[in-house]
Amino acid sequence: MIDYHLHTVRCCHARGTLEEYCREGARRGLKEIGFADHFPLDMLDFEPPVKVTMEGKELPQYVEEVLRLSQNKEYPTVRLGIEVDFLPGREKAAQRELSSYPFDYIIGSVHFLGDWDFTNPACAVEYQKCTEEEIMVLYEKYYFLLEKLVESNLCDIVGHLDVIKKFGYRPRNGAVHLIEKLTGLLKDADLCIELNTAGLYTPACEAYPAREILESCCRKGVPVTLGSDAHRPEDVGRDLDKGLDLLRKVGYREIAVFKGRIRGYLKI
Ligand SMILES: [Zn+2]
Ligand SMILES: [Zn+2]
């Protein structure tokens, strides 16, 4: 199996050396692992109140270290990925910086609504201040940014599609209309999504994205890949078996893999 969403100690909210992630991947018998640490936000002139990414000057070392590990035959195949934030108006700058490195894939994610790091537990108190209507507005704002991300040509994979549910705040009547539009755009842009198992350990208590969204993606022929979003070595490969089960149940028969930003497939 594969795990395409691993972070490293460089982002300041994860721990463990890259070697430890690789060793855990080998121990679990994974076929491929991919590092996708957070892209340095200072390179996009964005400095959130809490630092959540490496600094720009660390990026070359990150790339070098992942490439060095990819030479080690004792480890699973190691891919070089990165998770880049979609910040409206900064996508061209991000693209420019990303094009200097031989990434195998780029995960594009939305973690910020304005300055608010809405996926960060330290900032989650903001949800409590919202009325039900305001939660719906948050969802609309989040999906609007995702649509812009999908249209931006910034990434190969869209990360944790419905992460706005992370702390368990959901609109009473769901967000089906937002999702149907988004999955159509994903298909048009020929983008891949990820089944991210980290959501199982949050107040939302389910993987990203929810089953209904996966079903919509599967119906439309949007490819999917797999990741644990591990922020510590022992979480490499966590619950990928559950993720695979779910993918098979909704009708997926293959998952996407990447090399040099070219997509291939693995039967499941
Ligand atoms: Zn993180
Ligand atoms: Zn993320």
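Coordinate-derived values only; no laboratory data. Only a predicted model underlies this, so the values are computations on that prediction, with no experimental measurement involved. Cβ coordinates were reconstructed from backbone atoms using ideal geometry, including for glycine residues, and neighbour counts include every protein chain displayed.
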query: If Ala93 passes every condition in (1) over 21 Å from Ala256 (Cβ atoms); (2) in contact (Cβ under 8 Å) with a residue 60 or more places away in the chain; (3) of a type outside the set (D, E, K, R) but one, which one does it miss?
result: (2)
- prompt: Of all residues in the stretch 102-144 being among the aliphatic types (A, V, I, L, M) and in contact with a Cys (Cβ under 7 Å, 6 or more places away or on another chain), which is nearest to ligand 1 (Cβ to nearest atom)?
  reply: Ile107
- request: Please work out if Gly25 is of a type outside the set (Ser, Thr, Tyr), closer than 21 Å to Ile157 by Cβ and part of a helix (DSSP H, G or I).
  value: yes
- prompt: Any idea which of (1) in contact with an Asp or Glu (Cβ under 7 Å, 6 or more places away or on another chain); (2) in a loop (DSSP other than H, G, I, E, B) is the one Tyr252 doesn't satisfy?
  reply: (1)
- prompt: Of these, Gln71, Gln61, which one is of a type in the set (S, T, N, Q), over 19 Å from the mean Cα position of the chain (by Cα) and not in a helix (DSSP H, G or I)?
  reply: Gln71
- request: Hey, can you tell me all the residues within the stretch 28-53 that are touching a Leu at 6+ places or on another chain (Cβ under 7 Å) and not in a loop (DSSP other than H, G, I, E, B)?
  value: Ile33, Gly34, Phe35, Ala36, Leu44
message: Looking at the stretch 127-163 only, could you name the residues that are of a type outside the set (Phe, Trp, Tyr), under 17 Å from Glu91 (Cα atoms) and not in a loop (DSSP other than H, G, I, E, B)?
response: Leu145, Leu146, Glu147, Lys148, Leu149, Val150, Glu151, Ile157, Val158
task: Answer yes or no as to whether Tyr105 is out of contact with any strand residue (DSSP E or B) (no Cβ under 6 Å at 6 or more places or on another chain) and of a type in the set (Phe, Trp, Tyr).
output: no
Extreme residue, surrounded by the fewest Cβ atoms within 10 Å (Cβ to Cβ), among residues of the stretch 110-123 that are part of a loop (DSSP other than H, G, I, E, B) and within 15 Å of ligand 2 (Cβ to nearest atom): Asn120
query: Say we look at the stretch 4-37 and pick out the residues that are in contact with a helix residue (DSSP H, G or I) (Cβ under 6 Å, 6 or more places away or on another chain) and acidic (Asp, Glu); which of these is nearest to ligand 1 (Cβ to nearest atom)?
result: Asp37
message: Residue under question is Ala94, and the condition is that it be closer than 22 Å to Val158 by Cα and among the hydrophobic types (A, V, I, L, M, F, W, C); does it hold?
response: yes
